[in-house]
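Report on the structure given below.
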Amino acid sequence: MQLVRLVYASKKTAEFLSHDLEAILRKSNTNNEHQNITGMLCFNRKFFLQCLEGSRTSVNRLYNKIANDPRHEDVMLLQYEEISERCFGDWMMSFLPESHLHRSLLLRFSINEDFNPYTMSAKSCFSLLHYVHEQLLDPQSDYYVDQHSEEKKAQT
Ligand code: FAD
């Protein structure tokens, strides 16, 4: 069973309500764990950028579900490739909130300080997610998140 990575961008629709983000993250953590799908989701109240890693069958099935979700639109597939190892193996679905999208971070990966994955290359989109993921795991970083306490929170 091949391991693949998929990255897409999308735009929030009017159907997306404020409580939906939490609901999506909760659903992602349970569903993705069952399917051994790992990845990262980024959202700035307008655009989503998500990376999914896992078996080709599971990732394709989930992507089809996500692409038909009315809470977002203009779902654009940016990257799809077979991979030899996961980059987001430690998290079922880690989350990069808008508050972490600092100017310096955005200027590193895009043409200006606005987060708009449609104006970024697929490579830059992946690099942004991967860079932040590494920071989330680094206790010395401002982005550091204690996974164990997050997992406990998600279970309650
Ligand atoms: P159920 O939760 O039982 O849902 C059944 C159906 O109802 C599905 O078609 C679902 O899309 C729809 N639905 C559920 N809630 C709502 C709602 N509030 N408004 C409109 N329709 C709704 N899911 C994951 O499992 N993993 C992910 O990584 C993931 N990432 C997502 C990222 C984004 C940007 C968005 C918008 C959604 C994401 N989802 C993710 C949710 C996904 O689109 C499906 O809603 C979810 O996977 C369905 O879970 P389920 O099969 O258990 O069905």
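The values are calculated or read from the model by the stated rules, or taken from the named source; none is laboratory data. Keep in mind the model is a prediction, meaning the values are calculated, not measured. A quick note on method: Cβ atoms are made from the backbone with ideal geometry, for glycine too, and the neighbour counts reach across all protein chains shown. Heads up: the accessible areas ignore ligands, DNA and RNA and are worked out on the full protein's heavy atoms, side chains in. Shrake-Rupley method; radii C 1.70, N 1.55, O 1.52, S 1.80 Å.
Tabulated data
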item	result
Enumeration of residues in the range 67-80 that are touching a Phe, Trp or Tyr at 6+ places or on another chain (Cβ under 7 Å) and more than 8 Å from the ligand (Cβ to nearest atom)	Val75, Met76, Leu77, Leu78, Gln79
Complete set of residues in the range 67-94 that are under 14 Å from His133 (Cβ atoms) and at pLDDT 90 or above	Glu85, Arg86, Cys87, Phe88
Where a residue in the range 90-107 is closer than 13 Å to Asn44 by Cα and its partner, wherever it lies, is within 12 Å of the ligand (Cβ to nearest atom) and assigned to a strand (DSSP E or B), with Cβ under 6 Å and at least six apart	Phe95/Leu41; Leu96/Cys42
Residues of the range 1-47 that turn out to be open to solvent by 10 Å² or more (accessible area, probe 1.4 Å) and either more than 8 Å from the ligand (Cβ to nearest atom) or not hydroxyl-bearing (Ser, Thr, Tyr) (or both), as a count	32
Search result, residues across the range 8-39 that are outside any helix (DSSP H, G or I) and over 12 Å from the mean Cα position of the chain (by Cα)	Lys11, Lys12, Thr13, Ala14, Glu15, Phe16, Leu17, Ser18, His19, Asn36
Among (1) hydroxyl-bearing (Ser, Thr, Tyr); (2) under 23 Å from Asp142 (Cα atoms); (3) at pLDDT 95 or above, the one test that Ser55 misses	(2)
Tabulated pairs, the range 11-37, first within 20 Å of Cys51 (Cβ to Cβ) and polar (S, T, N, Q), second more than 9 Å from the ligand (Cβ to nearest atom) and modelled with pLDDT under 95, C-beta under 6 angstrom, 6+ apart or interchain	Asn29/Ala154
When residues of the range 48-66 are limited to those that are touching a strand residue (DSSP E or B) at 6+ places or on another chain (Cβ under 7 Å) and polar (S, T, N, Q), the one nearest to the ligand (Cβ to nearest atom)	Gln50
Subset tally (residues that are in contact (Cβ under 8 Å) with a residue 40 or more places away in the chain and assigned to a loop (DSSP other than H, G, I, E, B)) for the range 47-85	5
Test: residue in the range 81-100 that is open to solvent by 20 Å² or more (accessible area, probe 1.4 Å) and within 9 Å of the ligand (Cβ to nearest atom)	yes
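Here's the yes/no breakdown for (1) among the acidic types (Asp, Glu); (2) open to solvent by less than 30 Å² (accessible area, probe 1.4 Å); (3) farther than 22 Å from Lys27 by Cβ:
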| residue | (1), (2), (3) |
| --- | --- |
| Leu49 | no, yes, no |
| Gly54 | no, yes, no |
| Asn68 | no, no, no |
| His102 | no, no, yes |
| Asp114 | yes, no, yes |
| Cys125 | no, yes, yes |
| Glu134 | yes, no, yes |
